[in-house]
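Novice: Pasting in a structure now, in structure tokens, and then I'll have a few things to ask.
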Amino acid sequence: MKKIILFLAIGLFCTGILSAQASFFDDFESYTAGALIGASSPDWSTWSGTGGGSDDAPISTEQAFSGVNSLKLYSTSTGGGPSDVILPFGDKYTEGTFDLEMQMYVVAGTGAYFNLQGEVAVGSTWALDVTFTPDGVVSYKGLSGTFPLGEWFKLNVSIDLTTNDWDLLINDVSQGSFINATNSVASMDIFPLYASGTSQFYVDDVSFEYLPPVLPDLDAAMNAVSVRPLSLVGSELIVSGSVRNTGVNPITSLDITWSDGTSEYTDNISGLNVPSLGYYNYIHSAVYTVAAGDNTFEAWVSNVNGLAQDDNPDNDLKSITVSGLVPAPGKRVVVEEGTGTWCGWCPRGAVFMDQMYDLYPDYFIPIAVHNGDPMTVTEYDDNMGFSAFPTMSIMREEIFGFGTIEAIETRFFDRIVNAPPATLISGAEYNATTGDVLITSQADFSSAVTGTHRIAVVLVEDGVTGTSSGFNQSNYYAGGGSGPMGGYENLPSPVPAAQMVYDHVGRILVGGFFGAPNSVPSPVSAGQVVTFGFDAVNIPADYNTDNMLAVTMLIGPNGTILNANSQTFQELLDTEIVNGTTEKFRNEYAEVYPNPFSDAANVSLNLETPSQVTLRIFNAMGAEVAFRDYGILNGDLVFPLDASNLPAGVYQVHIKMDDYLITKKVVIQR
């Protein structure tokens, strides 16, 4: 049996005629087994809008909740489909109540998926995505619950659009309610998808009911509260959201209060004219400082039009959970973005990387790896393994596409809490005349490691510009047709080079993409400090060292980045860590000559004041191979450096003068 009931509900308010009441039910018993639903029914459609095409789905007798028929969705493609079935709801609903119900059967070992569209034109707005995995987990809007595999279960999506209260239920048990940024529904899209394998499921007894709202005279509802649900401890979050006039009379004033469970903060707002079913969007004057753990955050509206209580106090308050994460000590997360000036979608990568860096400057390290343009570093680009652009790699563990900043942020949160095996820092001496820079890096291991670990440094430059056509940025966001994107919607395509400034550009690989061989010994014990000096690299004259950062990475045996650190170029020149202590560079006070040498060299030292002087020599593995304490010295001195007992190789000479440090790289040849 199948039936559709549509009838008007009379209700004229100052905003116009409300949507008509509507209800629908289909148990698929009126169709022939094997028939395609989009071709057989005037009520169902497909993503393409063409019934009977490749995206249609068949009626099946393999499973049924009632009668003998159900709708079968099946795919073995990791991208899902080709079946893609649409159930239009007859209108776009933005107020009132909407309830969707259907019976589902997900075959054991497979997954399932459907979504709700927020606009009548499918493909423009996703209001809700619901994914069912082979381990019996249903996920949606950052929430998750459970469902039974290999048996029929009832699914409900219950929505109060007027107050923006959404809930998903399995067998009448709520899996978690939420506030929806897209508070509208227009159709359901059923699509066989499970990215890691087969999707096979059946649906039966599909129904929905829409009821227009009945509005009291005066009512304000806390419609939405926008606070990041997950952030780092100590982050200061902007509190924003919307209040909806769910009454007949206009709202002229109100109070908005939020509470973290300890303190309350209130904004008194007047001079309003919010019409019936209209919205007032707010940004609260008080910011919320995130505490550790799961915290209840509440926001409510009161004192509407000066009255102690409006006609419906039940919709005045919204409560959400805000979780604070504690970063692991010393942990930094590197995200490398595959980009290019020829890539029209790549502006979103630049925008999202900037946003993440602004949100988490002490923990997030962005690097733009350019492809096919004047900023390309071939070794870098070739080894990242990017096959599409823009694409990102996080800690070289996962390559992923991204349409929202949340795709980056979620992965960042997963990693920032994991303790690294070591913390890193680098120092350098720089010859501004020649552009040569000699970098020494150090890893302080808090846990033991074995296997081949390496240290690498990437020199990154902000503020990169150019004048050639290769610096023109292709821009598919031009004109705003693809939505806002950090201002790129207001720029042409291509954006002329004169208007483009490129940040986070990976410029120079020090030690190579995979890190310098033998830069970390094996094994390393907990508490061990490893120092490694790289071969000198040259910074071209047209690179601006004032805008450069040095990103030091510890790379694990499988090529992933285990931890990193970022320093400005000036910090790189001023700071070096030796045996776990921070020292100040004074490399200009000494020279070693000749260099390279065989058995002996000379060390010239210029001491402006009497200083305690010690000399240490480290081999390429970071092990100390020589030490001498010269006591207190003063003036211009030359003393011999005896290396006759050392094998040929590259060494670091560290000369300590009270609180200052000189580092020199020397080569012993035989």
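The values are calculated or read from the model by the stated rules, or taken from the named source; none is laboratory data. Since we're looking at a predicted model, the values are computed, not measured. Ideal geometry is used to build each Cβ from the backbone, glycine not excepted, and the neighbour counts take in all protein chains shown.
Novice: Being free of Cβ contacts under 8 Å to residues at least 40 places away in the same chain, within 20 Å of T404 (Cα to Cα), part of a strand (DSSP E or B) and within 30 Å of the chain's Cα centre (by Cα) is the requirement here; does V138 meet it?
Specialist: Values: free of Cβ contacts under 8 Å to residues at least 40 places away in the same chain: yes; within 20 Å of T404 (Cα to Cα): no; part of a strand (DSSP E or B): yes; within 30 Å of the chain's Cα centre (by Cα): yes.
So V138 fails the test.
Novice: Sticking with this one: How about region 176-185: which of its residues are surrounded by fewer than 22 Cβ atoms within 10 Å (Cβ to Cβ) and either touching a strand residue (DSSP E or B) at 6+ places or on another chain (Cβ under 6 Å) or of a type outside the set (A, V, I, L, M) (or both)?
Specialist: Once the filter is applied, which keeps residues that are surrounded by fewer than 22 Cβ atoms within 10 Å (Cβ to Cβ) and either touching a strand residue (DSSP E or B) at 6+ places or on another chain (Cβ under 6 Å) or of a type outside the set (A, V, I, L, M) (or both), region 176-185 yields G176, S177, F178, I179, N180, T182, S184.
Novice: Sticking with this structure for a sec: Could we say that T434 is surrounded by fewer than 19 Cβ atoms within 10 Å (Cβ to Cβ), among the polar types (S, T, N, Q) and more than 18 Å from F513 (Cα to Cα) here?
Specialist: Values: surrounded by fewer than 19 Cβ atoms within 10 Å (Cβ to Cβ): yes; among the polar types (S, T, N, Q): yes; more than 18 Å from F513 (Cα to Cα): yes.
Criteria met by T434.
Novice: Is it true that some residue in region 544-551 is modelled with pLDDT of 85 or more, within 15 Å of V437 (Cα to Cα) and hydroxyl-bearing (S, T, Y)?
Specialist: Looking for residues that are modelled with pLDDT of 85 or more, within 15 Å of V437 (Cα to Cα) and hydroxyl-bearing (S, T, Y), one finds at least one in region 544-551, hence yes.
Novice: Let me confirm something: among L661, L637, which residue is assigned to a strand (DSSP E or B) and farther than 30 Å from P517 by Cβ?
Specialist: Residue meeting the stated conditions: L637.
Novice: I need the full set of residues from region 376-396 which are crowded, with 16+ Cβ neighbours inside 10 Å, of a type in the set (A, V, I, L, M) and outside any helix (DSSP H, G or I), in order please.
Specialist: Hits for region 376-396 are V377, M392, I394, M395.
Novice: Within region 424-465, can you find the residues that are among the β-branched types (V, I, T), over 19 Å from E336 (Cβ atoms) and touching a Ser or Thr at 6+ places or on another chain (Cβ under 9 Å)?
Specialist: I425, V437, I439, T440, V449, T450, T452, listed by residue number.
Novice: For region 208-238, which positions are hydroxyl-bearing (S, T, Y) and farther than 29 Å from A308 by Cα?
Specialist: Y210, S231, S235
Novice: Here is a follow-up. Inside region 66-76, can you point out the residues that are in a loop (DSSP other than H, G, I, E, B) and within 10 Å of F28 (Cβ to Cβ)?
Specialist: Listed by number, the residues that qualify are S66, G67, V68, N69.
Novice: Being part of a loop (DSSP other than H, G, I, E, B) and over 34 Å from the mean Cα position of the chain (by Cα) is the filter here; which residues of region 251-271 pass it?
Specialist: Scanning region 251-271 gives T252, S253, S270, G271.
Novice: Can I ask one more? Name the single residue, out of those in region 24-38 being assigned to a strand (DSSP E or B) and out of contact with any Ser or Thr (no Cβ under 7 Å at 6 or more places or on another chain), that is surrounded by the fewest Cβ atoms within 10 Å (Cβ to Cβ).
Specialist: Per the stated criteria, the residue is L36.
Novice: Condition (residue is modelled with pLDDT of 95 or more, surrounded by fewer than 18 Cβ atoms within 10 Å (Cβ to Cβ), within 29 Å of the chain's Cα centre (by Cα) and not assigned by TED's automatic domain parsing to the domain that holds A643) applied to region 565-579: is it met by at least one residue?
Specialist: Yes, that holds for at least one residue.
Novice: Considering only region 397-441, how many residues are assigned to a helix (DSSP H, G or I), touching a residue at least 40 places away in the same chain (Cβ under 8 Å) and acidic (D, E)?
Specialist: Here the count works out to 1.
Per-residue answers, yes or no, for (1) touching a Gly at 6+ places or on another chain (Cβ under 7 Å); (2) β-branched (V, I, T); (3) crowded, with 16+ Cβ neighbours inside 10 Å:
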{"residue": "E429", "(1), (2), (3)": "no, no, yes"}
{"residue": "S474", "(1), (2), (3)": "yes, no, yes"}
{"residue": "P492", "(1), (2), (3)": "no, no, no"}
{"residue": "A497", "(1), (2), (3)": "yes, no, yes"}
{"residue": "M500", "(1), (2), (3)": "no, no, yes"}
